[in-house]
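Student: Mind having a look at this structure? Questions to follow.
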Amino acid sequence: MDALSLFGLFAVTAMMACYALEHKSRWFVLGFALSCGLGSVYGFLQGAWPFGVVEVVWMFVAVHRWMTYKSN
């Protein structure tokens, strides 16, 4: 497995873990946003620009959710 694939694996794993834990803390929402950003970088570096664009959109959605997060 090359370095780019490992980077993509890390980004997607972090995204999944943070998404699963979002209900615990607003910081996991921010972690999800950051990992979406990493996923976007991976998509562009790999040459899959549609994936990169979608991940940027998800990143901005998650940042907005982090900024407006209200704990239960």
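The values are calculated or read from the model by the stated rules, or taken from the named source; none is laboratory data. Since the structure is predicted, the reported quantities are computational estimates derived from the model, not experimental observations. Glycine gets a Cβ as well: all are built from the backbone with ideal geometry, and neighbour counts include every protein chain shown.
Student: Within region 1-28, which residues are of a type in the set (A, V, I, L, M, F, W, C) and under 9 Å from the mean Cα position of the chain (by Cα)?
Tutor: Hits for region 1-28 are 11, 12, 14, 15, 16, 18.
Student: I've got another one for you. Does residue 60 fit the bill of being on the phi < 0 side of the Ramachandran plot, modelled with pLDDT of 95 or more, buried (at least 18 other Cβ atoms within 10 Å of the Cβ) and under 12 Å from the mean Cα position of the chain (by Cα)?
Tutor: Judged against the criteria, residue 60 is not a match.
Student: Next up: Among the residues of region 1-11, what is the count of those that are of a type outside the set (Gly, Ala, Ser), surrounded by fewer than 16 Cβ atoms within 10 Å (Cβ to Cβ) and assigned to a helix (DSSP H, G or I)?
Tutor: Total meeting the criteria: 4.
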